[in-house]
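Written below as structure tokens is the structure these notes are about.
What follows draws every value from the coordinates through simple rules; no lab data is involved. Predicted model only: the values in this text are computed from it and were never measured. Counting neighbours? That spans all protein chains shown, and the Cβs are built from the backbone with ideal geometry, glycine included.
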Amino acid sequence: MTLHQNALRYPDFRIYIAGKIFGLHALWMQRMSLGWIAWQLTESASFVGLVSFANFAPTLITGPFFGVWIDRVRVHLAAVATQSAMLVLTLLLLILINAGILGTASLLLISLALGVVASAHHPVRMSLAPRLVDRAAIGSVISTVAILFNLARMSGPALGGWLISQWGISGCLGVQVVLYVPFILALATLTPRENAATEETHEPLFAAMRTGLRHVAGVPLIRNALLVTGLLAFVVRGVMEVLPVLADGVFERGPTGLGMLLSSAGFGALLAGIAKTVLPGEAPEMFPRKAILSALVGMAAVPFVGLNGVWTVALVLVGLLGFCVTLSAISLQTAVQLDLSDNLRGRVMSIWTMTAIGMSAAGAAVLGISFDLIGFTPTLVTSGAAGFIALAMVARRV
């Protein structure tokens, strides 16, 4: 990576990264906490999957609307608003737990509310970071953020599991509330590149949304990237959203075990982010071959997660899933982002997150129900095999 491509040369990006370290740890601890609370309340794999579905499903409905909104507002202020909402909802969850009145219905509602906020924040963050640097550094932005994201993915759940075991779930949620504050303050100081004024700026809401959809449908690279992303999200990310079942339902390792599994996935994903920075780049506007190869390997590993009965092997396999799904995602997102204008970035990336997160939600719900109906091992063997066949068919097209 040459110097002019290094995103860390830009002061605003450095401020963004410094604050994001705190926000990402809060995010990963929150995800771990929601799954653990759901498991503690019911010890039901179906309910764990349902809470995950409630957290991710709003992206399917509200994501495209927020994509249009993001292309029209000051994106760093939108980021401040979404992170502030995350802080408030986490604080509400803490209050309900301390008052002893949190039940399954209230947990689902809070998870749903967090999902609505996240459906706005995901396209916000994907639009904000590239606007803090020149276009030549966008690839560096994506790789740098991915490395940071996955460092937090590795350390955040481990810290969360330790906090729950030492201070209880209330202590873990309290730390999350504190961690959101530095990120909000950092976001408020940024001055990202603003959109150029175009006729699209004044388009009605649904017309602007159709413009984004037409762009996605008209570019083969984006269409195929979304297809691979959706398949990976449904099966592999779906498995990673119901890890409480593997940690405690299969191996009886409790919150510490869940933190270890999530950290293993984060470590694998971190290695993927590093690998992306050192592997040779691929030609612009071409579908990245490393993306489809890593997706196939990750899908092939899913049945082995179900068949394995050794804890250390489970940690390795989950780490492999994290590596494969992240290398594929970074490669695909880099290819797509490099081809986007700022005026379309919010809409296109909202469709990206709608696909990735929405399919993760659907996968978590379906897998959770299937675990209860036919068992853990048959579910993963069947879903992994079917996913591999579907990906192999896509690979022949790109």
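Odds and ends about this structure:
- Where only DSSP H runs of four or more residues are counted, the chain gives -27500 deg cm²/dmol as its mean residue ellipticity at 222 nm, each run worth -39500 (n - 2.57).
- Evaluating 6.51 cos²θ - 1.76 cosθ + 1.60 at θ = phi - 60° for every residue in the stretch 215-226, the Karplus couplings come out as 5, 4, 5, x, 10, x, 4, 5, 4, 5, 4, 5 Hz, glycine and proline recorded as x.
- Calculated diffusion of the stretch 236-354, Stokes-Einstein form, Kirkwood radius summed over Cα pairs, 25 °C and 0.890 mPa s, µm²/s: 159
- Near Phe149: Cβ cut-off under 11 Å, other residues only, Lys/Arg at +1 and Asp/Glu at -1. The net charge is +3.
- When the alpha-carbon atoms of the chain are used, the pair Rg, Dmax equals 19.8, 59 angstrom.
- Residue ranges 91-102, 14-25, 374-385 sort as 14-25, 374-385, 91-102 when ordered by packing (mean number of other C-beta atoms within 10 Å per residue, highest first).
- Peptides 52-62, 223-233 ranked from most to least packed by the mean count of surrounding Cβ atoms within 10 Å: 52-62, 223-233.
- Prolate/oblate/rounded label for the stretch 300-398 (Cα gyration tensor, a/c 1.5): prolate
- In sequence order, the stretch 93-107 has phi-based couplings of 4, 4, 5, 5, 5, 5, 7, x, 10, 6, x, 5, 5, 5, 5 Hz under the Karplus curve 6.51 cos²θ - 1.76 cosθ + 1.60, θ = phi - 60°, and Gly or Pro positions carry x.
- Taking Cβ atoms as reference points and 12 Å as the exclusive limit, the residues near Asn55 contribute a net charge of 0, counting Lys and Arg as +1 and Asp and Glu as -1.
- The string of couplings for the stretch 243-254 from the Karplus curve (6.51, -1.76, 1.60, θ = phi - 60°) is 4, x, 5, 5, 5, 10, x, 9, 9, 6, 9, x Hz, one whole number per residue in order, with x for Gly and Pro.
- Net +/- balance of residues flanking Val302 in space, Cβ distance below 15 Å, scoring K and R +1, D and E -1: 0
- Convex hull (Cα only) mean projected area of the stretch 19-147, reported in nm² to one decimal: 8.6
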